[in-house]
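First up is the structure itself, then whatever we jot down about it.
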Amino acid sequence: MKTVRIWYDRFLEVIAAALMAGLAVILVMGFVYRFFGMSLVWYDEIASIGLAWLTYYGSALAAHRGAHIGFPGIVNAFPPTLRVAATILSEIIVLGFFVLLAIYGTQVVMILQGSTLVSLPNVSQAFTQSVIPIAAVLFIIAELLRLPEVIEAARSHGFEDHELKEALEGIDPDAIKGSPAK
């Protein structure tokens, strides 16, 4: 299972990196063309779609890494049995939401069949909006791959607060202990 998680993480990372690189190229092209007085007709529409795609696929990557918004301090305050129940309920709600998003996102894509972008009439709106059901499925896979780890954390030590850990990384504990109190 660990190998599958590593490969899935790399897969999502490659998608996010490619989208970020593509968006950077589009933004630089838009700036350069506009600087020389030759604005690209499609720049704004494609840049906004690229940003939406980066947001959806990046969110799936964040979910896979357990870096999405949460309240680990609240859940960690529960006793282990209640923590496990709250965690399972939370996962059911998250998975249910993304199942609904995949279903209704697919319906949106079907409705948009035949519609095209304003600035690029050869590009289907169904293609641009396909990110919704695809990313929802990727998010579901990410959550299911993390589920055993999440339940184990709920049973044992609780959840790691990524924001707190990140904030404390730059602090030298010896420097704090050795400093005189004011």
Scan of the range 66-100 for residues that are free of Cβ contacts under 8 Å to residues at least 12 places away in the same chain, assigned to a loop (DSSP other than H, G, I, E, B) and either in contact with a Phe, Trp or Tyr (Cβ under 7 Å, 6 or more places away or on another chain) or over 23 Å from residue 2 (Cα atoms) (or both), ordered by number: 69, 71, 77, 78, 79
Which one of these is surrounded by fewer than 12 Cβ atoms within 10 Å (Cβ to Cβ), part of a helix (DSSP H, G or I) and aliphatic (A, V, I, L, M): 21, 63? 21
I'd like the full set of residues that are at pLDDT below 95 and under 16 Å from residue 127 (Cβ atoms), limited to the range 5-45. 42, 45
If I go through the range 76-106 residue by residue, how many of them are over 19 Å from residue 143 (Cα atoms), surrounded by fewer than 12 Cβ atoms within 10 Å (Cβ to Cβ) and not β-branched (Val, Ile, Thr)? 2
For the range 28-43, give me each residue that is in a helix (DSSP H, G or I) and out of contact with any Gly (no Cβ under 8 Å at 6 or more places or on another chain). 28, 29, 30, 31, 32, 33, 34, 35
Close pairs from the range 127-149: first of a type in the set (D, E, K, R), partner at pLDDT 95 or above and buried (at least 19 other Cβ atoms within 10 Å of the Cβ), Cβ under 9 Å, at least 6 apart: 143/98
Filter the range 128-165 down to the residues that are surrounded by fewer than 13 Cβ atoms within 10 Å (Cβ to Cβ), assigned to a helix (DSSP H, G or I) and modelled with pLDDT of 70 or more and list them by number. 144, 148, 152
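Can you spot a residue in the range 25-48 that is touching a residue at least 12 places away in the same chain (Cβ under 8 Å), within 16 Å of the chain's Cα centre (by Cα), surrounded by 13 or more Cβ atoms within 10 Å (Cβ to Cβ) and on the phi < 0 side of the Ramachandran plot? Explain how you work it out, then say what you get.
Step one: list which residues in the range 25-48 are touching a residue at least 12 places away in the same chain (Cβ under 8 Å), which gives 26-27, 29-30, 41-47.
So of that shortlist, the ones also within 16 Å of the chain's Cα centre (by Cα) come out as none.
Looking through the range 25-48, none of the residues is touching a residue at least 12 places away in the same chain (Cβ under 8 Å), within 16 Å of the chain's Cα centre (by Cα), surrounded by 13 or more Cβ atoms within 10 Å (Cβ to Cβ) and on the phi < 0 side of the Ramachandran plot.
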Filter the range 109-125 for residues that are aliphatic (A, V, I, L, M), buried (at least 16 other Cβ atoms within 10 Å of the Cβ) and in a helix (DSSP H, G or I) and give the result. 109
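Take the residues in the range 1-18 that are β-branched (Val, Ile, Thr) and surrounded by fewer than 11 Cβ atoms within 10 Å (Cβ to Cβ); name whichever of them is farthest from residue 139 (Cα to Cα).
Initial filter on the range 1-18 (β-branched (Val, Ile, Thr)): 3-4, 6, 14-15.
Going one step further and asking which of them are surrounded by fewer than 11 Cβ atoms within 10 Å (Cβ to Cβ), we end up with 3-4, 6.
On the way: 3: 18, 4: 15, 6: 15 Å.
Filtering the range 1-18 for residues that are β-branched (Val, Ile, Thr) and surrounded by fewer than 11 Cβ atoms within 10 Å (Cβ to Cβ), the one farthest from residue 139 (Cα to Cα) comes out as 3.
The values are calculated or read from the model by the stated rules, or taken from the named source; none is laboratory data. Just so we're clear, the structure is a prediction, and the values are computed from it rather than from any experiment. No Cβ is skipped: glycine too gets one built from the backbone with ideal geometry, and neighbour counts run over all protein chains shown.
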